[in-house]
Structure formats: structure tokens, C-alpha cells
1. Condition (residue is of a type in the set (A, V, I, L, M) and either out of contact with any helix residue (DSSP H, G or I) (no Cβ under 8 Å at 6 or more places or on another chain) or without any contact (Cβ under 8 Å) to a residue 40 or more places away in the chain (or both)) applied to region 123-133: is it met by at least one residue?
2. Which residues, taken from region 349-366, are among the small types (Gly, Ala, Ser) and either farther than 29 Å from residue 249 by Cβ or in contact with a strand residue (DSSP E or B) (Cβ under 8 Å, 6 or more places away or on another chain) (or both)?
3. Of the residues that make up region 267-280, is at least one outside any helix (DSSP H, G or I) and among the aliphatic types (A, V, I, L, M)?
4. Tell me yes or no: at least one residue of region 21-40 is at pLDDT 95 or above, hydrophobic (A, V, I, L, M, F, W, C), in a strand (DSSP E or B) and surrounded by fewer than 20 Cβ atoms within 10 Å (Cβ to Cβ).
5. Kindly indicate whether any position in region 289-310 is surrounded by fewer than 16 Cβ atoms within 10 Å (Cβ to Cβ), within 24 Å of residue 369 (Cβ to Cβ), free of Cβ contacts under 8 Å to residues at least 12 places away in the same chain and not assigned by TED's automatic domain parsing to the domain that holds residue 367.
6. Only one of 343, 358 is surrounded by fewer than 18 Cβ atoms within 10 Å (Cβ to Cβ) and either of a type in the set (Val, Ile, Thr) or not in a strand (DSSP E or B) (or both); which?
7. Only residues that are surrounded by fewer than 22 Cβ atoms within 10 Å (Cβ to Cβ) and over 16 Å from residue 117 (Cα atoms): list them for region 154-173, please.
8. Looking at region 209-235, I want the residues that are part of a helix (DSSP H, G or I) and have a partner that is modelled with pLDDT of 95 or more and basic (Lys, Arg) with Cβ atoms under 7 Å, at least 6 apart or on another chain. Which pairs are those?
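The values are calculated or read from the model by the stated rules, or taken from the named source; none is laboratory data. As the structure is a computational prediction, the values presented were derived from the model and not from experiment. A quick note on method: Cβ atoms are made from the backbone with ideal geometry, for glycine too, and the neighbour counts reach across all protein chains shown.
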Amino acid sequence: MKRLAIAATAALALATAAQADTKIGMITTLSGGGSHLGIDVRDGFMLAIAQSGRTDIEVMIEDDARKPDVAKTISDKFVQRDNVDILTGIIWSNLAMAVVPSVTRGGTFYISPNAGPSPLAGAMCNENYFNVAWQNNDLHAAMGAYMKDAGVEKPFILAPNYPAGTDALTGFKSTFGEPEREIFTQLGQTDYAAEIAQIRASGADSVFFFLPGGMGISFMKQYAASGVDLPVYGPAFSFDEVILGAVGDAALGVFNTSQWAYDLDNPTNAAFVESFRAEYGRTPTLYASQGFDTANLILSALEVAEPSDADAFRAALEAANFDSVRGDFAFNSNHHPVQDILVRQVVAGDGKPTNQLVGVAVEDHRDAYAAECNM
């Protein structure tokens, strides 16, 4: 009997230890157009987990192929079969809208390292949803303000027709006002001849575009080849280091807004950039910085409570007691960041164009939807 009791106690201890491990399910885009966004989020996230030295965290990673139905299938499996404590990783807002509302209502925490669609910041906010990156409007609103202050009068603005694209142009117009012309393109589009012809004929004095991933590469190459010489502005999503490597000198001189820059002067950021380059052999993009911050937010909360103690874990997330690569970091009442939005300019780097920090476009920016969040 005593031997059985000892065996049973040991089995219970092992089961308790296994249950205490934190399971994180990462759903992100690792193939097809825009895959470098998901790869950088993943790599930044896993760098922080490795640096933490913790062995009680299991991260399961799957590719959503940029398809909402695939993302939903993966999330169902992670939640229902694998019993994950936390979900993260989604890049695209249409995928976030397919996954986040149901999982957070069901009690699973979702910590966004990227997509920030307006409904989730406003009327559909949830106590279990946190966004570490931004709300979709934010970088575009900051650029609208910057361009207005710079004396731009008649911009031609364009974005893909999906939630982040509509949020982008809404954000831009919220600070700039009405543009000379506004159009939406197809998500995943690669041929922009018709749009560039419209720009040429529009009478605009500038171009603002949001075309993340491969869309931005295609547009900038075709725009440079077209001979249209209007100055170009945009968010960092259209001018990250991977896109600049593909576009080359055609992007020189472009101003773009970001909540992060690799040359942002603080010790946490300097250490992150150095360690990311050493680990992966490339300069991190803003997506990598967002993945890194997301992991470190989660790690900071795990120092206080387990996700099974939902109220305590949620309070620890809200406290955001971690060193961000952005410097100061805090959450607004709707669990979206309060943060400075920066301006960067594309300059000739060491062998290829790169972003250089210019200054601050907007200080302590709060997204426009927090008032709609009844949380």
C-alpha cells in the first residue's frame, strides 16, 4: 500500500508539473506572399523566449498561409485539443477577425504582435485581448499629421481592400483631411499599372500608400520604373528592411512612420538588435521587434501569475512590467499601446538602403477607438 501511495503521489506531482507548464500557440504566416512578416514575428518572439532561459514554456507554431479558414482551424485545434493558455502570432487583420473574438470570449488569452483591427480596439474589445503593436489606424494617422505639417496639400492615397487597409486610410484622413484621390487595391495584388496611371493623371502632389509585404515591393518597383516622380510617404509596413532590400535605391528619400526603429537609442533596443543580428544574420524589422516585445510582456506576466489564474495574469499583463525595445510602454484602457510614433527616412546604407530615425511624429499616441470599448 505504501509503495502504491508513493507511486500515486509521484504521478500526481508529475501531472501537476506538466499542467503548470505554459502552452503558447503561435498562428502566423510562414509561406507565400508576406511570409517575412510572420517569420520575423516568430524569430523575435523565440529569441526572447530563448534569452529568458525558461524551460517550462512550450511554443507551438503553425503556418496559416494567410488564409482565414486555415487560421481558424489551427486556433480550434490549439484551444480544443492542445489546451493552450495563450494564442499569438497573427499578422493579417482579416485572419485576426476570424480567430480572436471567439477564442477570447471562450477564456483564452490572445496577445497580438501585429494585427490591430479597429473593432477589436473598440466595440468588440475583450478583457482577454491585448495588442502589443498598435491599432491599425495609428501609424497612418501619424503620417497624415506629419504630411500636413510638412505642407503637403494633395496626396493620392491607396491601400488594399481588407480591414487593415480600410483602417489605414481612415487613420490617415483623421489627421490630414480629405486627399486628392483615394483608391483601394486587391489584397495580394502584384500589378499596379492601372493605379500608377491614375496617380499620373490625378494632379496629386504626393503619394501615400499602405501595401505590406510583397505588395509594397511590387508597387515600389513599378512606381520607380514608371517615371512618376511624386514624393512617396507611407507607414513602416511598406518600408521594412526586407522590402528595402528588394526595392533598392527606388525607395531612397521616402519618409515612413513606425513605433520602433533599429537605431532607437535605448539599452534594451541596442541589445535586441545586436542579439537578433547575431542569431539570425540580418537586421530586425519592426515585426521582429513586435514579436520580441510580445514574448517579453508574456514572460513578465508569468513572473507574477499563471494564465490559469486569469484575473491575476490579466492584471500582470495590464501592468506591462517589462523593458520594451521602444522605451516607455503602457496599455490604454482597451489594452492597446500608448506610445510615441516615430518618423524614419530611407537613406543609402552600407551597400543597400536602410531606415534612419528622423524624429517623433506624435507623442503618447492613443488610438481612436478606446472610447468605444466598454471594458
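1. For region 123-133, residues of a type in the set (A, V, I, L, M) and either out of contact with any helix residue (DSSP H, G or I) (no Cβ under 8 Å at 6 or more places or on another chain) or without any contact (Cβ under 8 Å) to a residue 40 or more places away in the chain (or both): present.
2. Passing the criteria: 359, 361.
3. So far as region 267-280 goes, no, none of its residues is outside any helix (DSSP H, G or I) and among the aliphatic types (A, V, I, L, M).
4. Checked against the condition, which is being at pLDDT 95 or above, hydrophobic (A, V, I, L, M, F, W, C), in a strand (DSSP E or B) and surrounded by fewer than 20 Cβ atoms within 10 Å (Cβ to Cβ), region 21-40 yields no hits at all.
5. no
6. Within the list 343, 358, the selection yields 358.
7. 154, 173
8. Cβ pairs passing all conditions: none.
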